[in-house]
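Here's the structure we're looking at; comments come further down.
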Amino acid sequence: MACVGALTLALLALVLATRDDGASAPRREEAGPEASMAQLLRVPAIFAGALLGLVSYGCLLAIRGLWVGPYLEQVQGLSPRAAGNVAFVVSATMIAAPLAFGLADRRGWSRAPMLAAGFLVAAAALLLLGALRPGPWIAAALLVVFAAGASAFVLQYADLRAAAPPGQEGRALSLLNLAFLVGVASCQMGAGALLAALAARLAPAEAYGAVLALLGAVLAIAALA
């Protein structure tokens, strides 16, 4: 924790030392009056992107940040070391997959189909984990597939930026960041509350299966919408 804190302070100092206040930037004549969040949400693509943002990144961090370890240990019977190895592969996937999505976007692939395909694949992986309750190897593979598909969230930044009115790109991205943060908190707390309620009446495999399937269903609905 001390090391992370020191690195954070070092990065903050670097940002402050190299920041550009924009005084030398050319004035954008096309920028209209500053839009409110409500006005931005009236743009269909921004509204849809914000709704998807409420669950896209939240589902990813709810699984990777909280439940991947307990699920693999309590349901799959893996040791902490083995569960950590799977979590490492999932984390590595979360580094590689966004790069792949970004490369495809730069090469002209259609963004909307990539977003839909990525999140639907991620949702299908969660639904299969919940419905089939597979063994450790298949479960690990499905978790990696889920992480790869859900990494499509990085495309939402470019998607909302392109949909924003001229001069309002920054506010649109702030709106998406707000949706991401609210979604992370909601998905984690909601999944935790549901798991606690189910664990009191069901076996761990059934409780985790229900939570994973619900997250998958919510993600699929958001992606289709």
Cα centroid separation, the range 54-100 to the range 180-206 (Å): 15 Å
Please report the projected area of the range 77-225's Cα convex hull averaged over all directions, in nm². 9.7 nm²
Working out 0.36 nm times the residue gap between residue 202 and residue 174, then minus their Cα-Cα distance, what length gain in nm do you get to one decimal? 6.0 nm
Counting helices only, and only those DSSP H runs with n ≥ 4, report the 222 nm mean residue ellipticity of the chain as the sum of -39,500 (n - 2.57) divided by its residues, in deg cm²/dmol to the nearest 500. -25000 deg cm²/dmol
Working note, the range 154-211: Cα radius of gyration (Å, one decimal) and Dmax (Å, whole number) are 17.6, 54
Given an 8 Å cut-off on Cα distances and at least 6 residues of separation, report the relative contact order of the range 131-215 as a percent. 30 percent
0 to 90° range, to nearest 10: angle between helix 80-106 axis and the chain longest Cα axis: 30 degrees
Quick one: if the Förster radius is 30 Å, what FRET efficiency do residue 132 and residue 42 give, using the C-beta to C-beta distance and rounding to 0.05? 0.10
Under a 1.4 Å probe, what is the accessible area of the chain per residue, stated in Å²? 55 Å²
Counting pairs of alpha carbon atoms under 8 Å apart in space and at least six apart in sequence, what relative contact order in percent does the chain give? 35 percent
Normalised contact order of the range 60-159, rounded percent, pairs of Cα under 8 Å and 6 or more residues apart: 36 percent
Full extension between residue 19 and residue 141 adds, at 0.36 nm per residue less the Cα distance, a length in nm of 39.6 nm
When ranked by the protection proxy of mean other Cβ atoms within 10 Å per residue, highest first, what sequence do the peptides 190-203, 71-84, 155-168 form? 155-168, 71-84, 190-203
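The values are calculated or read from the model by the stated rules, or taken from the named source; none is laboratory data. Quick caveat: nothing in here was measured; it's all calculated off a predicted structure. Don't worry about glycine lacking a Cβ; one is built from the backbone with ideal geometry, like all the others, and counts go over all protein chains shown. Note: areas computed on protein heavy atoms with side chains; ligands, DNA, RNA excluded. Shrake-Rupley method; radii C 1.70, N 1.55, O 1.52, S 1.80 Å.
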